[in-house]
1. Using only alpha carbon pairs under 8 Å that are at least six residues apart, calculate the relative contact order of region 97-224 and give it in whole percent.
2. For region 673-794, list log₁₀ I(q)/I(0) at each q in 0.13, 0.18, 0.19 Å⁻¹, using the Debye formula over Cα point scatterers of equal strength and ignoring solvent, two decimals each.
3. Among Lys267/Lys306; Lys267/Lys474; Lys119/Lys404; Lys752/Lys794; Lys527/Lys740, which pairs are too far apart, with a Cα-Cα distance over 31 Å?
4. Evaluate the charge dipole of region 645-803 about its Cα centre and quote only its size in Debye, nearest 20, assuming +1 on the Cβ of each Lys and Arg and -1 on the Cβ of each Asp and Glu.
5. Just want the ordering: Arg536, Arg647, from fewest to most Cβ atoms lying within 10 Å of their own Cβ.
6. Could you give the length gained on full extension between Arg214 and Ala796, defined as 0.36 nm per residue of separation minus the Cα-Cα distance, in nm?
7. Could you work out the Rg to Rh ratio of region 541-671, with Rh taken as the Kirkwood radius (inverse of the mean 1/r over all Cα pairs)?
8. Just in region 407-494: which chymotrypsin sites (Phe, Trp or Tyr not before Pro) are loop by DSSP and have at most 15 other Cβ atoms within 10 Å?
Amino acid sequence: MGAVSTLLQAEMRAVLSALLRVLRRHDFLRLVLVLLVFGSSGVTAQGGARRQRQVVDVGVILDMKTWLGNTSWACMEMALEDFYANATQARYRTRLKLHLRDTGPDAVDAASAGVDLLKNVHVQAIVGPQTSTQAKFLAELGNKSSVPIISFSADCPSRSGQTPYFIRTAWNDSSQAEAIASLVKKYNWREVVPVFEDDDSNTRFIPDLVDALRQVDARVSYRCKIHPSAKEDDIRRAISGLKYNWTSVFVVRMSHLLAFKFFQLAKDEGMMGQDFVWITAYGLTDIFDVVGSPALDVMQGVLGVKPHVQDTVELQNFTRRWRKKHRLENPGTSLSEPTVSGLYAYDTIWALALAAEETRYNDSNFVSVTNNGSTDFERIGTSKAAEKLRGTLLKTNFQGMSGKFQIQDMQLLSSKYEIINIVGQEKRVAGFWTPEFSISGNSSSMAELGTIIWPGGNKTPPRGWMLPMNKTLKIGVPVKPGFAEFVKFENGIAKGFCIDVFEAVVRELPYNVSCNYSEFGDGKVSKGTYDDLVYRVYLKEYDAVVGDITILANRSKYVDFTLPYTESGVRMLVPVRDQRQKTAWTFLKPLTTDLWLGTGAFFIFTGFVVWFIEHRTNKDFRGPPASQIGSVFYFSFSTLVFAHKERIVNNLSRIVLVVWLFVVLIVQQSYTASLSSILTVEQLQPTVTNLEEVIRKGSYVGYLNDSFLPGLLKRLKIDESKMIAFDSPAEYNEALSTGKVAVIVDEIPYLKVFLSRYCQNYTMIGPTYKFDGFGYAFPRGSPLTPDISRGILKFASDSKMVELQKTLYGDMSCPDKDDSQISSSLTLHSFQGLFIITGASSMLALILHAVITVYNNQHDLSSDNSLTSWRRWLAIISKLFHEGDSPNTPDKDELAMANVDSIIESPLSIPNHVIERLDSGTDTGSLPEVEGTADRDLSVQDAEPTPSAYVHSERGHNGVASLSRSGSSIRRRQRIME
């Protein structure tokens, strides 16, 4: 309303002046015309007053001496022009009015300008504190007055919850940190050094960057801070700190002038060449637009991260108009684009104009509540109009010149970053980063980045670290007089197996490593223990330790170890003795006790099975009980030498016997071979088999001096008073041979070296206590560690490692003389399968024989009813298996033929009429009595030993008499004839 009144007063003064001039001329006609014009002007003025737009005052604080301030102000003016270009009286009800204050870089001047704008101009918003230091002061003013402080270029280190009226119309720096971390992850760089300007703008960005790098397993071990007013010497010292650092990946964020000077000096120091990686954060990427060719010349191969702005027709038209305006106002400028910060300034003014139009104002909103205070700061009042403007601005959402304009968490919502590469005199877009898809190519179809030209013109991605320039590694070497095969100094030159492996691995690295070996002692005596030597690496007295250093958990707290290059583990070394003492019982040693007992049991079982099957039909297996028991034992044990004489007539027993003889053959041959070995081959056995035996006997235990073994022995319950330290293999031999110690406990590589000299008298025994073997020690985080480890893996699979091991251990093979290897006794387990086969076949034959016998005599079982229940069955079965089918005749046909032969040799004196009667089949009971010589002959015949059965003559088809009838029938005929 104040602006309207001022406008009306000005118009009235102009009309009155015209009227006075007319009156002085006394021109009536002109008077009438002036009156008409006055009346018309009055009406118009009243109507314009009714339709006059509400003015919204906005303060702008910039440093117009900088390119950012100059560029941003031009963009703001163009934003007002473009927004109200097509404005009509009916379309817009408000209009922004910008009040510029050029404060320079000083934060106090910016705060003073802010107080003036709030107290005297009553602005509803303040735009443009360029630096974070200025923003910090102005944010407090905004909180006190409820006026939004809007910055498109500064970071406020305070949290958004503490500064609710500070709004950033720029992208969140945390998302930029995530984009840089994704780039580091893509190339598997493990360590990054931030290089930044030591001001408030990086107070929040650097912690965000460190956190983002930690998420991708990258480490920040060093931070390079450069003061904004640093001189050239200070910058050179900072670059020297980077030059002699292992890391070659740097993230740079600083102001344009300081960055340009920094890269010039870095190039002079040779740090813009191969193997270096330089990544610039957003803000510094605008240096190419600001400085131009000079910046491009010193930053070849640099990668940059900047917000992506879609190239539209509107943006092209705006850039063309801005370039014309900026060059007209700033002749001779090299800046050819408004930069992203200028686009943010443009969108900020557009958003304020839009928010002001959408805000519902009334006259009471523009009345500031003034506080009474003793200072200007205390007298600053609050504005309801500004508070409403802030609320509407936070909800504003439109497609701006820089992209989508949307406030989230008091800052502009970020979306997509470009990854640019400086090649020649141009900025190439190598790819993009988005929160959803991380790193991608130049188009939606490309998953990988485009070709990147790295510093030095190399297209191969750097490995991310390099040896410090002109640096020679100082390597500590332990003193080991007793085992010089591993490491030793001769005429100031390091030698030995450990040194040879290390140098062979280093030679295969794709870069040169210069080494200088330093002895940790005076050649005979060490300066300390191996733990002390490793700790010197932690103290940075050595760059590495090369030697017979065992990888231990407590040592890994201070250094990083490579993979082991030797066999790992700890074992016992003991003397051995020959066990070939000949005694009266030496013949029992080939078989263990359980095998002797098991074999005897199967002998008896097999003999019983054969007897059980044969005794019903075979006279060799019948007789009194004592005779049958003797037959069982005799038959079974006679099979041991295949000397059994009994005839086997049953097929089942034959099967049992064949299987058993096969088992006997194998057992016999094995026994013979084992007995020969016992009597002829040297039987070396260890004198001690385990540490429990040593502890139980209270024997002494030896170990290598200056090692970690005392701690291990204590954990194994060895008394400290029973432990003796030695220094060399010769001392080992003397102590073991004289009985000074019962065992030596040491690492396997040392024991192998000892056995290469004293193989015949000693052996390694017992369990292997797990340790990782020998490794090379480097400082924590050293990039050499993984490369050396990979080299060890490659070298270990090569024939060169075998040759070095032959040199170390010698060509003589000295196998362990363990109990399991020297014992020649055969165990039951070795013949378990054979005994299962013969036992199963014997049991099966026994069951089949019983079933067949019961089946063939089932009529006898059913006819005998003399007994009942189980007793009846037991008696029947006992009778059945005790009484044979024909006790004296195993096979009727065979015995009949045998009796025929006996009759031919000794014919019976039987009368012809008796034979004829027998031939005719007449019953012997009706034969007439025979008298005379026949009686005498028959009596004589009867008195002589007779065969088991008498037979009668029976003519067959071929006329040959056949014999039949049992002995009982013949006896009946004899009684009849008598």
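Quick note: the coordinates plus some simple rules give every number you see, no bench work behind them. Fair warning: this is a prediction, and the values are worked out from it, not measured in the lab. All Cβ positions, glycine included, derive from the backbone under ideal geometry; neighbour counts span all protein chains shown.
1. Numbers: 178 pairs, mean separation 24.9, N = 128.
About 19 percent, as a whole number.
2. -0.67, -1.00, -1.07
3. From Lys267/Lys306; Lys267/Lys474; Lys119/Lys404; Lys752/Lys794; Lys527/Lys740, over 31 Å: Lys119/Lys404.
4. 680
5. Arg647, Arg536
6. Contour length minus the Cα-Cα distance gives 206.2 nm.
7. Checking Rg against Rh, the ratio lands at 1.50.
8. Qualifying residues, ordered by number: Phe437.
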